[in-house]
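The structure under discussion appears below in the form of structure tokens.
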Amino acid sequence: MQSNWLLVNMFSGSRRGPGLAIFMLATQIFQVGLHNIPPVTLATIAINTIIFLRIPILNIRYPSLGNVCISVVNTWYKGDWKRIALAAFFHADEWHLYYNMASMLFKGMSLEKRLGSAYFVYLLAVFTILTNGVLLGLNYATDEFLGYHEYLSHCAVGFSGVLFALKVVTTYYLPPGIQYIMGIIPIHSRLACWAELFLIQILVPNASFTGHLAGILVGLIYVKGPLKPIMDIFIPGANSPSYTYRAQATGYRNQYQPRHQPPTGNYGNTRNLNQGEDDLAEAIQRSQADSYAQQRAHNNPNDEEIRRRRLARYT
């Protein structure tokens with residue numbers, strides 16, 4: 001989510017051509033394989049890309065960024081509330097789109113397989129509205145209590161606030177362990193979103209700090225607060241996993257293991273985060289079943305097996 005961009009982009013409504021970042025995103029998608037990407041995740045990436053490229057579909061007139069970006073002035077004071085829903089699906093430039101959609105690709109694959117497509121699209125809709133709502137509250141509070149009046153007019157677009165909320169949920173569903181930020185900085189997985197919040201702000205100063213913070217807060221309200229129980233009243237979601245600490249020798253990347261590990265590799269009626277883990281669990285289950293069958297046949301021989309053993313004894 002970015003709050004500042006070139007003025008020419010802010011009011012541009014013309015169709016854009018695909019550049020290097022769009023090509024890289026397409027390459028990444030085809031490397032993963034379209035058949036491996038769940039439908040809601042794929043549709044979300046496609047919608048964001050179509051809107052950015054302003055591809056003419058059904059005579060839709062795409063608004064300029066200045067007409068959809070979310071700010072306290074435009075949304076709260078002027079009452080243009082549609083921006084709460086629209087701002088997330090518009091991006092300032094193609095690299096802004098690329099980084100957001102590349103992140104969406106893997107977060108979406110993980111969560112949609114676990115939660116199911118119906119609940120995942122429900123989750124995205126709720127997170128989109130709440131993240132932008134919390135953003136408005138944070139910007140208003142920054143002006144009211146800290147005196148930074150420019151936050152009232154900061155106008156933000158992009159899907160990254162929703163992605164920060166999804167990251168909190170993703171790490172919550174996995175056993176706590178160590179993640180590497182940028183591949184080199186080790187940090188506890190439950191703190192990774194906070195590290196990324198400050199690191200992105202250092203590397204991209206015009207990124208919306210309050211937009212990303214809003215995403216983290218919404219994610220925490222979902223996994224630790226009342227949001228998930230309230231949402232589950234309307235559409236039931238996946239049950240939360242429980243983990244317990246197990247002491248291990250130092251040097252392990254994961255120091256926590258699930259308390260209960262179902263033999264099928266699934267959590268209730270949801271699928272595992274990694275399809276490879278499903279295949280592995282199924283192979284182990286088949287191997288255990290074959291071993292059990294062989295052991296049972298050895299301990300409980302039929303008449304033919306008894307005759308064969310007797311002949312073998314005297315030959």
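The values are calculated or read from the model by the stated rules, or taken from the named source; none is laboratory data. This is a predicted model, so every value here is computed, not measured. Quick reminder, even Gly has a Cβ in these numbers, built from the backbone with ideal geometry, and neighbours come from all protein chains shown. Quick note on the areas: whole protein, heavy atoms, side chains included, nothing else; ligands and nucleic acids left out. Shrake-Rupley method; radii C 1.70, N 1.55, O 1.52, S 1.80 Å.
Can you say whether Leu197 is within 30 Å of Arg83 (Cβ to Cβ), open to solvent by less than 20 Å² (accessible area, probe 1.4 Å) and either without any contact (Cβ under 8 Å) to a residue 60 or more places away in the chain or in a helix (DSSP H, G or I) (or both), as far as the supplied structure shows? Against the criterion (within 30 Å of Arg83 (Cβ to Cβ), open to solvent by less than 20 Å² (accessible area, probe 1.4 Å) and either without any contact (Cβ under 8 Å) to a residue 60 or more places away in the chain or in a helix (DSSP H, G or I) (or both)), Leu197 qualifies. You will find that of Val162, Val168, the residue that is open to solvent by less than 20 Å² (accessible area, probe 1.4 Å) and farther than 20 Å from Asn206 by Cβ is Val168 and no other. The residue that is surrounded by the fewest Cβ atoms within 10 Å (Cβ to Cβ), among those in the range 66-80 that are under 23 Å from Ile51 (Cβ atoms) and out of contact with any strand residue (DSSP E or B) (no Cβ under 6 Å at 6 or more places or on another chain), is Lys78. Scanning the range 191-227 for residues that are among the small types (Gly, Ala, Ser) and more than 12 Å from Ser160 (Cα to Cα) yields Ala192, Ala195, Gly219, Gly225. Do we find a residue being outside any helix (DSSP H, G or I), open to solvent by 40 Å² or more (accessible area, probe 1.4 Å) and more than 19 Å from Leu135 (Cβ to Cβ) anywhere in the range 37-49? Checking the range 37-49: not a single residue is outside any helix (DSSP H, G or I), open to solvent by 40 Å² or more (accessible area, probe 1.4 Å) and more than 19 Å from Leu135 (Cβ to Cβ).
Under the condition of being touching a Gly at 6+ places or on another chain (Cβ under 7 Å) and aliphatic (A, V, I, L, M), which residue from the range 97-139 is most open to solvent (accessible area, probe 1.4 Å)? Restricting to residues being touching a Gly at 6+ places or on another chain (Cβ under 7 Å) and aliphatic (A, V, I, L, M), the top hit is Leu115. Within the range 140-157, if we keep just the residues that are over 19 Å from the mean Cα position of the chain (by Cα), in contact (Cβ under 8 Å) with a residue 40 or more places away in the chain and not in a helix (DSSP H, G or I), the residue that is surrounded by the most Cβ atoms within 10 Å (Cβ to Cβ) turns out to be Ala156.
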